[in-house]
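This report concerns only the one structure given below.
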Amino acid sequence: MSERFFVESPIQGHRASLFGAEAHHLLHVMRVQIGQEVTLVDGSGAEFKATLENVERNQADLIIHHRSQVDRELPFHLTLGVALPKGQRQRWLVEKLVELGVNTLVPLNTERAVAIAETKTLQRLQRTVIEATKQCSRTRLMEITSATNVHDFFVTTPTDSRRWIAHPGGTQSSVLLEACETSSAGYLAIGPEGGFTDQEVTVATQAGWKMVHLGPRILRTETAAIVLSSLFSCTAV
């Protein structure tokens, strides 16, 4: 497979240009030479075969010679609401969620949250989304929304969707495998290290969310997110 690079603007016509970090990666990390073929993605669901045509200081111009529509997405839309962990664990979490096919990540503001989803944090994580998308050969980007109050997240999700909250005392995760047979949209909720409060869980269950128990061991936030996302996407394996 040729090297993959992300074009920020939708590709139209027979030319495209890379700027900033992507141009640097192409020219100075991968050392692509004029005339070499690469693969471009723009988040639209397509892959573009292109050759490097021209190089400037912070820009790489390419000629598009083939476009193909590629579908590597889950058969349903999967949204994960999560109280972000601290530091580099955020990046690891985002990377793995992209690989698993999650469509939307919603940072949750919870009572026991240990990290604040500031604008600069979300911008940094968006770069991780791009890098992970290229690595795992997805052609659409996972969306990261602005931070949302956990109560609002619980009460505004569609009632005709599958909604699961990770919490001790809920349904055994093995039961979830049977529920995966349907292809309706899915919403998952993962709390912070200390878990959701009783009040937060009550709001969720009253709104129709189902509690899912992930086992007797205490899982870190990012581990629980990966486990639940993997179980939920079982029909796509």
Note on segment 220-230: residues of a type outside the set (Lys, Arg), touching a residue at least 24 places away in the same chain (Cβ under 8 Å) and open to solvent by 40 Å² or more (accessible area, probe 1.4 Å) are Val227, Ser230
What number of residues within segment 146-194 satisfy the criterion of being open to solvent by less than 30 Å² (accessible area, probe 1.4 Å), modelled with pLDDT of 95 or more and among the aromatic types (Phe, Trp, Tyr)?
-> 2
Looking at (1) over 30 Å from Glu118 (Cα atoms); (2) open to solvent by less than 50 Å² (accessible area, probe 1.4 Å), can you tell me which one Arg67 breaks?
-> (2)
Members of segment 206-217 found to be more than 14 Å from Gly81 (Cα to Cα) and out of contact with any Gly (no Cβ under 9 Å at 6 or more places or on another chain), listed by number | Gln206, Ala207, Gly208, Gly215, Pro216, Arg217
Which condition breaks for Val102 when tested against (1) surrounded by fewer than 20 Cβ atoms within 10 Å (Cβ to Cβ); (2) assigned to a loop (DSSP other than H, G, I, E, B); (3) under 9 Å from the mean Cα position of the chain (by Cα)?
-> (1)
What number goes with the only condition from (1) touching a Leu at 6+ places or on another chain (Cβ under 8 Å); (2) modelled with pLDDT under 95; (3) not acidic (Asp, Glu) that Leu62 does not pass?
-> (2)
What number of residues within segment 111-145 are of a type in the set (Ser, Thr, Tyr), surrounded by fewer than 17 Cβ atoms within 10 Å (Cβ to Cβ) and within 21 Å of Glu3 (Cβ to Cβ)?
-> 1
Is it the case that Val114 is in contact with a Pro (Cβ under 8 Å, 6 or more places away or on another chain), among the β-branched types (Val, Ile, Thr) and either at negative phi or not in a loop (DSSP other than H, G, I, E, B) (or both)?
-> yes
Look through Glu47, Glu53 and report the one residue that is in contact with a strand residue (DSSP E or B) (Cβ under 8 Å, 6 or more places away or on another chain), open to solvent by 50 Å² or more (accessible area, probe 1.4 Å) and of a type outside the set (Lys, Arg).
-> Glu53
Scanning segment 4-30 residue by residue, the ones that are part of a loop (DSSP other than H, G, I, E, B) and more than 17 Å from Thr128 (Cα to Cα) total 7
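The values are calculated or read from the model by the stated rules, or taken from the named source; none is laboratory data. Computed from a prediction, not measured in an experiment: that's the story for all the values here. Every residue, glycine as well, gets a Cβ built from its backbone with ideal geometry; the counts of neighbours run over all protein chains shown. Heavy atoms of the whole protein, side chains included, go into the accessibility calculation; ligands, DNA and RNA do not. Shrake-Rupley method; radii C 1.70, N 1.55, O 1.52, S 1.80 Å.
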